[in-house]
Every structure is written in C-alpha cells, then in structure tokens.
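Presented below is the structure to which this report refers.
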Amino acid sequence: MIRAIDVCKDYRTEGRRVHRVLSNVSFTVARGEKMAVLGRNGAGKSTLMRLLGRVELPTSGSIDQTMSLSWPLGLQGGFQGSLTGNDNLRFIARIYNKPFDYIRAYVDDFAELGKYLSEPVKTYSMGMRARFAFALSLAVDFDCYLIDEIIAAGDQRFQRRSHEELFEKRGDRSMILASHVGEIVRAYCSRALVLHRGRGKVFADLDLALDIYNSL
Amino acid sequence: MSEAGEGATFWRGLAVQKRVVGALTIREIYTRFGRENLGFAWIVAEPLVFAVPVLFMWQAIRGSHEHGISVMPFLWSGYLPILLFRHLGGRILLFIRGNAGLLYHRRVSILDIFLARAVLEVGGNVTALIASFALFYAIGAVDVPQDLPMFYVGYFFMIWWCVAAALIIGGLSERSDWVAQIWMPYSYMYLVFSGFFYLADWLPPALRNVALYQPYTQAYEMIRGGVFGSVIKTYGDPAYTAFTLAVLTLIGLWLMREGRKYVVIE
C-alpha cells in the first residue's frame, strides 16, 4: 500500500516568492490497484511522481509505503545519456542486485532495441526510451510502477505488450499512471486522481473524472 | 518502507550501500574516462602528470636544499595533498545538481554518490603517491620517510581533511553560486597558507599559533615530521586535528543533506 497524507510541495521562484505546486494532496493506493493521475500541463503530475519516487522530498506531509516502487518512468531521468544501453543496464542491475544476463535478456526481448543497446541512450528516440525504461523496470520487478506518460510514447505493439505484462502476467501489481490520453487511462486504470491548481481529489468513477478533467 | 525487503536492518542497509557505491564508482570511471581508454590507469596518471614536471621545475628553480633540508622530499610530500584537495574539491562543486539523474533510483543517496567520487579520487591520489615515491626513490631524489607511522597518520588526516572540506564545499555550492566563484581563488591561496611551503617552525611564534589552528597545517606538520624525522621540529597535534576534523565532517554531512533541498531535479 502507498499512503500519501497532506503532501505539499513548494518551489522557489524569482524574487524569493514561493510557488505551491501541490497543496494537501492525500490518497491511498492498495496492492493491485491501478490509479490514473489526470491534470493539465503544469498541474503537478510529474512533481507528484517524483515525490512518490523520492527523487525529491515533499515540503510537508508524508508518503508511506509497504510496496516497492519503481523510479518514475518518464521521458527523462533515470539514465546516463552518454553511456550505452548496456552500461545503463549493468549499472541498474548492480544497484538492484539482479543478474545482468537476465536483465539484458528480458530488456532485449521486451524493448526490441536490437543493436541499439550498444549505443548511447541519448541517441534513442522518445519511443525507444519509453520501451527501454519500461522493460528495465519490469525486469527489476517492482510491486508498483510509477508511469509518467511513457506508455503513450510507444507504438501500438508496445502498448499491447505493456498491457499484457501489467494485467495478465502481473495482475497483482499496482500502478500509478499520469496521462493525458483518455483511452489509455480507461484501458489501464480503475480510479483517478484529478489535480487542479495544486489540489487533488480521487474519483472512483473514471467517466466522471475524465469529464471533469476535460472541462478544466 | 523497504525495497523488496532489503535495507530493513542496519547490516543489510550497509550491504546495499556497499553495492551501490561500487556500482557508482564503476559508472564514474566509464563516464569520465570512457571504456576504451586507459580507464583506471588514467586516474593514477592524472595526478602524476601534474606533479612530476612541477616538482622537477621547482627543484631546478629553488636548488636542492632550503632551511637545511632537501627540497625534493619537502615538495613531494607537500604537493600530492594539494592535488587531492584541488581535485576532490573541484569535482564536488554542484555535484548534487550534476548527478540529479541518479537520484531517480531511490537506493542511490547523495552520500553514495559522494563516497563513490571520494573513493575514486583518494584511491587515485594514494596510488599516485606510491608511484611518484617509487619514481623519485629510484632516481635518489627522496628517501624512505624517517618515521613511517607518523607519515601515515599525517597523510590519513590530510585525506580526512580533503573529504570533510569536499562535503562542506559540495553542500554549500548547491545553496549559493558564490561558492563556485570563490573556489578558484581560494584553491590558489590554499597553496600559500596551507603549509605546503612552510613548516610551523619557520614562522614567528604569533603567526605560528594562528597557523596551527588549521587542521591541514597540522596534517602537514605530521607528514613532514614523518618524512624528515627528528632533523626538524614539528608541531602536529593528532588529538586536536582529529577533533577539528570530526566537527567539520559533521557540519559537512549536515550541509550535504540540506543541500538536497536546494536542488530542483529535471
């Protein structure tokens, strides 16, 4: 389970002013639950993902978890662009204590990057990065995946395989998915957290949540 | 609160940290020196390339003896610590910002990244110390230190000082851009006041007392006492030095932890 209680996040802006990006956001995600995070650009979706991944720390409030969480899988972060795909795999296999051969074989099969694995990650396209990050996090095997937009960056085949992995093979895994794309949210999630002007509210009714999001 | 059950206890936490620091060290070698190049050999060669020509030049300018002691061992034992201070300090400026991407992996902490860097710099420096000693010893420019334990203690304190200073510099540089600006002139002035060029004994008593407040001057006194033995008079005080460095280390660790709050990650 993940429980966020009254999470606030401030950033300093010019002239020592403080910009409150998230204000008293609370929610819980149980094991196996898949929750969407909806909000317009700048509503704080990525910030929330980074706080959940402990990349950044909340200004106040707390986030407790009893599940292992992936790093926020987004279009940036998590990799060293100047190193090759293989070197990044080696590094991550080492820190999560997984056998490199297994990780490499899994990523190779799922992400279908072929010889690109021996090229620097900075040369990857958006779609390739998405496949690489997602495949790697599946290989490390977390209880909960924090997914920031990347499913939408992949092609149809990738989306189908992601769906297969997350629902058929690992139905007990949780997911928090930030996305703008209604179809993806409907296909993956059962609840939604709508963020607007720093406030957050959880809806059990996806249609209602998407209607509200579309009217923001 | 654990990650796949790990880090639950102190010892398991330590095992994770050891693995993470190891992985970071290897990664640092790859990113800094590339995979096909000399790799780790370059870490040792780097300080040597700096030190050897400079030391020979100084000896040529200043003659072989000064204040009744040989110049080469004096400069050799003085310059390697300078290199460590400069390289560690220079590499640590804004290092939290520069490595923010690594913080995406929650097992990687700022302290782990710092340790990886310190391990690499200190390891390179000590290897360069040994290699340069072997070189100078072979040509008869330096002798085996008279009081080896004293030399080791002094060099240990010097490494500790450089690490503590790097913690402070790294933490402060995230708060204010001034720190990076001041670093360059400071690291040059450090040459003058650190104790590289003098023994406390050569200073007038009033100035000597001030100089000996500095933990690095203390470390230099011990290093020189080790190199020259009882031929010279030195003022190193291990208890004072250890206490001062412990306090500086705690301040540094605190600044480093606080520094993270000032970093906005892409």
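Residue-wise test of (1) buried (at least 16 other Cβ atoms within 10 Å of the Cβ); (2) more than 12 Å from the chain's Cα centre (by Cα).
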site: A:D148; (1), (2): yes, no
site: A:L166; (1), (2): yes, yes
site: A:I176; (1), (2): yes, no
site: A:H180; (1), (2): no, yes
site: A:H196; (1), (2): no, yes
site: A:K201; (1), (2): no, yes
TODO: Would you point out the residue of region B:131-145, among those that are among the small types (G, A, S) and not in a loop (DSSP other than H, G, I, E, B), that is surrounded by the most Cβ atoms within 10 Å (Cβ to Cβ)?
DONE: B:S132
Task: One residue from A:L83, A:L89 being within 11 Å of chain B (Cβ to nearest Cβ), open to solvent by less than 30 Å² (accessible area, probe 1.4 Å) and not polar (S, T, N, Q) - done: A:L83
Task: Residue satisfying all of: in region A:64-73; more than 7 Å from chain B (Cβ to nearest Cβ) and in contact with a helix residue (DSSP H, G or I) (Cβ under 6 Å, 6 or more places away or on another chain); nearest to A:F27 (Cα to Cα) among these - done: A:S70
Task: Given (1) within 23 Å of A:L166 (Cα to Cα); (2) touching a Phe, Trp or Tyr at 6+ places or on another chain (Cβ under 6 Å), index of the condition A:R90 fails - done: (1)
- [ ] Filter the strands (runs of 3 or more DSSP E) completely within region A:1-61 down to those with at least 3 residues that are among the charged types (D, E, K, R) and open to solvent by 10 Å² or more (accessible area, probe 1.4 Å).
- [x] A:2-12
TODO: Run down B:Y155, B:Y104 and say which single residue is open to solvent by less than 20 Å² (accessible area, probe 1.4 Å), over 24 Å from B:P53 (Cα atoms) and hydroxyl-bearing (S, T, Y).
DONE: B:Y104
TODO: Mind telling me which of the residues A:A105, A:A135, A:A153 ends up being crowded, with 23+ Cβ neighbours inside 10 Å and away from every other protein chain (no Cβ under 14 Å)?
DONE: A:A135
- [ ] Look at B:G252 and say whether it is surrounded by 14 or more Cβ atoms within 10 Å (Cβ to Cβ), in contact (Cβ under 8 Å) with a residue 60 or more places away in the chain, among the small types (G, A, S) and within 30 Å of B:F136 (Cβ to Cβ).
- [x] no
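The values are calculated or read from the model by the stated rules, or taken from the named source; none is laboratory data. In this text the structure is predicted, and so the values were computed from the model without any measurement. Reconstructed Cβ throughout: ideal geometry from the backbone, glycine too, with neighbour counts over all protein chains shown. Each accessible area value is taken on the protein alone, full model and side chains, heavy atoms only, with ligands, DNA and RNA left out. Shrake-Rupley method; radii C 1.70, N 1.55, O 1.52, S 1.80 Å.
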